[in-house]
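For reference, the structure discussed in these notes is given below.
Just so it is clear, none of the values below were taken in a lab; they were calculated from the coordinates. This one's a predicted model, so the numbers in the text were calculated from it and none came from an experiment. Because the Cβ atoms are built from the backbone with ideal geometry, glycine has one as well, and the counts that use them run over all protein chains shown.
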Amino acid sequence: MRRLALGFVLLVMVAPAAVFAASKPPAGALSIEGGRGVIVVRANGGLLGRVAHGSVELVDLSPGDSWRPTLNGSAKARRVSAKGSNLTFRILGGDYRLVVRGDGISVSARGTGSVTLLGIPSVLSGDTGIYSTDLEADCQDNPDQCEPIPMTITRVPFGKSDTPANQHP
């Protein structure tokens, strides 16, 4: 009888953890290099990046966790924004929204979510930068694995998500 009761207690404790683990979507990836235009990321997971010249707004959408946005090396409040040159930013966990406008945009993210892209071509080269949502791609080291940032508003999911691709915001 004790074994049966112990087995039942273990089942009650393990089953919810197994259901939670099974329902958590697998992590995906986002890589952007040399971006020029507007990039909006809404996701859960970690993100780091930089912009050579432009503006950054990073909002922590899960303020109850221990992760805080960091801008130029300093941990900040729930919402951070800045304009200027050589801006670096990161958030290492939780839900967040990032809006970057400018040129020289580089972003690396792991988790689940979507990115909305709007490339603005360079006057001299017509380049908008490159991106990939392939888990194995790295646009900095292997640019041939990446696609040009589109010049029309394009929404692309990464990781396991219910968000359909190419949906306008």
Using only the Cα atoms of the stretch 26-125, build the gyration tensor, take square roots of its eigenvalues as a ≥ b ≥ c, and label the shape rounded, prolate or oblate: rounded if a/c is under 1.5, else prolate if a/b is larger than b/c, else oblate.
oblate
Exposure proxy ranking, count of Cβ atoms within 10 Å, fewest first, for Ser31, Ser106:
Ser106, Ser31
Taking 25 Å as R0, compute the FRET efficiency from the Cβ-Cβ separation of Asn72 and Asp138 and round it to 0.05.
0.55
Sum of side-chain charges, Pro63 neighbourhood, beta-carbon under 13 Å (Lys, Arg +1; Asp, Glu -1)
+2
If packing is taken as the average number of other Cβ atoms within 10 Å across a peptide's residues, how do 120-132, 70-82 rank, most packed first?
120-132, 70-82
How would you rank Glu147, Glu57, going from fewest to most other Cβ atoms within 10 Å of each one's own Cβ?
Glu147, Glu57
